[in-house]
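The values are calculated or read from the model by the stated rules, or taken from the named source; none is laboratory data. Predicted model only: the values in this text are computed from it and were never measured. For neighbour counting, all protein chains shown are included, and Cβ atoms are generated from backbone atoms with ideal geometry for every residue, glycine included. These area figures cover heavy atoms from the full protein model, side chains too; ligands, DNA and RNA do not enter into them. Shrake-Rupley method; radii C 1.70, N 1.55, O 1.52, S 1.80 Å.
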Amino acid sequence: MNQTKLRQLNEEMEKYFQELYAPEGRILVPGDGDASARVALVGEAPGEQEALLRRPFVGRAGKNLDEFLSLTGLKRPQLYITNAVKFRPVRQTQRGQANRPPTREEIELFRPWLLKELGLVRPRLVASLGNVPLLALTGRRAAIGQLHGQMLELPELGCALFPLYHPAAVIYNPSLREAYLRDMQRFGQLCARL
Ligand code: URA
């Protein structure tokens, strides 16, 4: 049932963005996992591997995520995993294309779709991974450095929000690791109580 509604929503979203970004179009990567999950994870945007396979968190960031999830006892099939922006934002380099952070405009364009998507899944707890999904979900520029590991409310969705650092940020900035491990442990405990 939820799966069917999500599929319909993804079709509508695909149509909307193919028209918006015509003529070149965009490869959209839909959310993945248990369509009735109690816990949803929201990342930033797909990378190269995700765009190729059309699944979120299957590249290097996915491997990092799995490693951190293993600390919580949570398994991917129990979760719903999606991204704030559904296509891979790229910039041109001399050697081809490289990932870039989504723009504020891209985040705003996808925001209503993200809220509808999570409104169908109806998780009890949403974990945002990094600053981009935190902005997309709250509609406010908020600093992950100040909000990580705190329980917040998402009144629009009637559920709790638990901001986490993005797993890739922890790889690039090892000084975040200790705080991240603490947050992950807390996150695991919160999920176990749902
Ligand atoms: N892959 C995703 O799907 N999302 C991210 O935020 C990073 C990598």
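Do any residues in segment 39-50 that are within 6 Å of the ligand (Cβ to nearest atom) and assigned to a loop (DSSP other than H, G, I, E, B) have Cβ atoms under 6 Å from those of residues that are open to solvent by 10 Å² or more (accessible area, probe 1.4 Å) and charged (D, E, K, R), where the two are at least six apart or on different chains, and which pairs are they? What qualifies is PRO46/ARG88. Criterion first (more than 11 Å from the ligand (Cβ to nearest atom) and open to solvent by less than 10 Å² (accessible area, probe 1.4 Å)) does ALA22 satisfy it? In short, no. Count of segment 25-38 residues, restricted to those that are within 12 Å of the ligand (Cβ to nearest atom) and either open to solvent by 40 Å² or more (accessible area, probe 1.4 Å) or out of contact with any helix residue (DSSP H, G or I) (no Cβ under 9 Å at 6 or more places or on another chain) (or both), is 1.
Applying the set (1) away from the ligand (no atom under 16 Å from the Cβ); (2) more than 20 Å from GLY31 (Cα to Cα); (3) without any contact (Cβ under 8 Å) to a residue 12 or more places away in the chain to ALA98 leaves exactly one unmet item: (1). Exactly one residue out of ARG104, ARG95, ARG111, ARG141 is surrounded by 16 or more Cβ atoms within 10 Å (Cβ to Cβ) and over 15 Å from ALA169 (Cα atoms): that is ARG111.
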